Amino acid sequence: AQSVSQHNHHVILSEAASLELGCNYSYGGTVNLFWYVQYPGQHLQLLLKYFSGDPLVKGIKGFEAEFIKSKFSFNLRKPSVQWSDTAEYFCAVKPTGRRALTFGSGTRLQVQP
Amino acid sequence: DVKVTQSSRYLVKRTGEKVFLECVQDMDHENMFWYRQDPGLGLRLIYFSYDVKMKEKGDIPEGYSVSREKKERFSLILESASTNQTSMYLCASSLSRGQGATGELFFGEGSRLTVL
């Protein structure tokens, strides 16, 4: 079945550590890719998106993601995390021709001061 | 800014009750969606609508129905609530046409439903 996989379910880091969260998908063809974040008690917000062009995408709050088509991956990175980055992060994929996004299972990030 | 408003943040219902979850968006988006969010499972699509009175099943439609009588409003209906429908329900909307139509979803704050 076509799917989106986030392999890290729970990540604990200290402040200033570097972050990389994995996301792989199994759809063939053209896709639009997204990372959403959900801070405690808040609604889902878009961190960044890729739909064409430069495969290295920069988002809000210092986050970036790289689309590697050959690996079907769209990993999220941040060079130095802050306590305020504590949240749940969701990768999502929209294949061309579909209206809805398919989400991964999410990664809970806990940043310790 | 896009605003997606869900009418109830918290609901507690009994098994067998009929439940209505309402969602309104103010940006004239063609597409509207209902997802449920469960720990460890991420977001799963229940139903979506791409136009007034049009709907399509998502990945987990069983036990749910939807209604879209006006473009801005999309309702999720649980005909007979069951305990396994205890969850966080998220409404979202997106553009279907035009330059901004990348598929980006705009979410409401969610409705946490507990079925006893």
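Before moving on, here are some points about what is shown:
- Each of A:P113, A:H7, A:S84 was scored by the projection of its Cα onto the charge dipole of the protein assembly as shown, and the greatest displacement toward the positive side belongs to A:H7; charges sit on the C-beta of Lys, Arg, Asp and Glu.
- Our Cα-only numbers for segment A:36-113 put the radius of gyration and Dmax at 13.1, 44 Å.
- Gain in span if fully extended, A:E15 to A:T96, counting 0.36 nm per residue against the direct Cα distance: 25.4 nm
- Sequence ranges A:83-90, A:4-11, ranked by mean other-Cβ count within 10 angstrom, highest first: A:83-90, A:4-11
- Test item: B:46-53 mean partner chain Cβ contacts at 10 Å: 1
- Peptides ranked, highest mean first, by Cβ atoms within 10 Å: ranges A:30-39, A:16-25, A:92-101: A:30-39, A:92-101, A:16-25
- Relative contact order (percent, whole number), chain A, Cα cutoff 8 Å, 6+ residue spacing: 37 percent
- When the alpha carbon gyration tensor of the protein assembly as shown is reduced to an equivalent ellipsoid, the three semi-axes, largest first, read 29, 21, 16 Å.
- With every protein chain in place, chain B: carbon and sulfur % of accessible area (1.4 Å): 48 percent
- Cα-projected label distance for B:D28 with B:E79, points at 7 Å along beta-carbon direction, nm: 3.7 nm
- Partner chain coverage, peptide A:97-109 - average Cβ within 10 angstrom: 5
- GNM on chain B, alpha-carbon springs under 10 angstrom: the most fluctuating residue among B:V12, B:V66, B:V52 is B:V12.
- Think of segment B:47-116 as a dipole: +1 on every Lys or Arg Cβ, -1 on every Asp or Glu Cβ, centred on the Cα centre; then among B:G108, B:S96, B:I77, B:S96 lies furthest on the positive end.
- Spatial extent of chain B: Rg and Dmax, with the Cα atoms as the point set, Å: 13.6, 45
- Equivalent ellipsoid semi-axes - Cα gyration tensor, segment B:1-60, angstrom: 21, 16, 14
- Modelled label reach - B:R14, point 7 Å along Cα→Cβ, segment B:83-116 residues with backbone N closer than 19 Å: B:83-86, B:113-116
- Nearest-20 debye value, the protein assembly as shown charge dipole, Cβ charges on Lys, Arg, Asp, Glu: 320 debye
- If you run the Gaussian network model on chain B, springs between alpha carbon atoms under 10 Å, then out of B:R97, B:R73, B:R36 the most flexible one is B:R97.
- Largest mean-square fluctuation among B:G58, B:G103, B:G40, in a Gaussian network model of chain B whose springs join Cα atoms under 10 Å apart, belongs to B:G40.
The values are calculated or read from the model by the stated rules, or taken from the named source; none is laboratory data. This is a predicted model, so every value here is computed, not measured. All Cβ positions, even for glycine, are placed from backbone atoms using ideal geometry, and neighbour counts span all protein chains on display. The area values use the complete protein model at the heavy-atom level, side chains included, leaving out ligands, DNA and RNA. Shrake-Rupley method; radii C 1.70, N 1.55, O 1.52, S 1.80 Å.
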